[in-house]
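None of the figures in this text is laboratory data; all of them are computed from the coordinates on show. As the structure is a prediction and not an experimental result, all values here were calculated from the model. All Cβ positions, glycine included, derive from the backbone under ideal geometry; neighbour counts span all protein chains shown.
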Amino acid sequence: MIYILFIAVGLAMDSFGVSIALGSANKNISTKGIISSAIFGGFQAVMPLFGWIIGEAFRSFISGVDHWIAFLLLFTIGLKMIYGDLNNKQNQLNRRNIDFKLIISLAFATSIDALIVGMGIAFFGAPILLTITVIGLVTFLLSMGGIYLGTKYYKLFQNKTGIIGGLVLIAIGIKILTNHLV
């Protein structure tokens with residue numbers, strides 16, 4: 001269960017970071033913030049399910065190297081998140097361009113890594129319904145928290161959430177690999 005929670009937090013960091021930016025652009029928590037958080041949570045819950053379905057379909061073909069695949073996926077996603085935050089120079093959001101279409105595209109973009117992680121979930125046998133429920137709820141709650149923090153303390157968190165999430169995913173990947181090799 002603790003792995004599931006760590007994976008959920010790691011995956012939610014992209015949404016958390018975007019939510020901070022959304023909160024800073026809006027300067028207050030509104031119905032749009034709650035809806036945005038629900039959309040982020042929904043996408044983060046559904047994408048690992050699709051990944052899990054794909055992973056289950058190919059499980060028998062790659063069961064001997066599944067720990068390496070999970071490690072490489074988590075490590076690569078973690079590095080991508082860290083690299084993205086280190087190269088993000090400024091917040092591109094402002095109050096004028098935040099609409100439903102943008103929220104959907106941000107939710108999709110921040111959940112692509114969850115699709116890949118879902119394939120890894122299939123390889124290490126976590127219960128999928130529990131996993132996607134935890135991922136969705138954690139993402140919703142962190143997104144709500146991100147919106148709140150964005151309205152209050154944007155400068156404090158700017159360009160750090162992806163680094164934290166990336167490090168968490170890398171650590172989980174290393175743990176999975178070491179558990180299978182030792």
Exercise. Count, please, the residues in the stretch 1-21 that happen to be in contact with an Asp or Glu (Cβ under 8 Å, 6 or more places away or on another chain) and either without any contact (Cβ under 8 Å) to a residue 12 or more places away in the chain or among the aliphatic types (A, V, I, L, M) (or both).
Key: 1
Quiz item: When the stretch 1-42 is examined, which residues are found to be closer than 25 Å to GLY125 by Cβ, hydrophobic (A, V, I, L, M, F, W, C) and buried (at least 24 other Cβ atoms within 10 Å of the Cβ)?
Solution: ILE7, ALA8, LEU11, ALA12, MET13
